[in-house]
Amino acid sequence: MKILVVDDEHDIKTLFEQRFRREIRSGELNFNFAYSGEEALDFLKDHLSEVVLILSDINMPGMSGIELLKRIRSTHPMSPPTIMMITAYNDEENYNQAKQFGADDFLNKPIDFSSLKQKLFESL
């Protein structure tokens with residue numbers, strides 16, 4: 001499964017590679033990383049048909065995760081890709097906006113990787 005992780009924090013790559021080492025090595029999961037909404041859209045231009053799941057932070061400088069979600073859903077209103085929004089702020093406004101614009105799920109930071117693994121394999 002090809003997954004695009006969108007987050008302005010560069011250490012997120014190391015964190016995902018550590019937490020999903022076995023799944024990456026076995027080829028079950030393939031992660032790509034974008035550090036802004038704009039970078040994610042550039043990546044998706046060439047790879048959208050390959051990406052099954054997008055995990056996007058909401059609060060990023062420049063294009064927010066909500067704006068990225070709107071742009072993706074304007075051309076792909078239904079899954080795939082499945083889009084899970086991630087935020088450090090467990091607030092109702094972000095949750096409602098994410099759902100309104102077509103998010104499939106909503107995760108809070110710090111990410112509970114056991115729960116995330118379960119969700120990822122349920123969506124396979």
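A compact table of results
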quantity: Test: residue in the range 57-74 that is within 18 Å of residue 110 (Cα to Cα) and of a type in the set (Gly, Ala, Ser); calculated: yes
quantity: Residue 49, sole failed condition from (1) under 17 Å from residue 69 (Cα atoms); (2) at pLDDT below 95; (3) surrounded by 15 or more Cβ atoms within 10 Å (Cβ to Cβ); calculated: (3)
quantity: Any hit, the range 102-112, residues being of a type outside the set (S, T, N, Q), within 17 Å of residue 23 (Cβ to Cβ) and surrounded by fewer than 19 Cβ atoms within 10 Å (Cβ to Cβ); calculated: yes
quantity: Pair list, Cβ < 9 Å and 6+ apart or interchain, from the range 59-87 residues that are touching a residue at least 12 places away in the same chain (Cβ under 8 Å) and at positive phi to residues that are surrounded by fewer than 22 Cβ atoms within 10 Å (Cβ to Cβ) and part of a loop (DSSP other than H, G, I, E, B); calculated: 62/8; 62/36
quantity: Test result for residue 95, touching a Ser or Thr at 6+ places or on another chain (Cβ under 9 Å), of a type in the set (Ser, Thr, Tyr) and either buried (at least 17 other Cβ atoms within 10 Å of the Cβ) or touching a residue at least 24 places away in the same chain (Cβ under 8 Å) (or both); calculated: yes
quantity: Residue count, the range 5-27 (criterion: buried (at least 16 other Cβ atoms within 10 Å of the Cβ) and either touching a Pro at 6+ places or on another chain (Cβ under 8 Å) or assigned to a loop (DSSP other than H, G, I, E, B) (or both)); calculated: 3
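The values are calculated or read from the model by the stated rules, or taken from the named source; none is laboratory data. Not measured: the values here are computed from a predicted model. Neighbour counts are summed over all protein chains in view; Cβ atoms, including those assigned to glycine, are modelled from backbone coordinates with ideal geometry.
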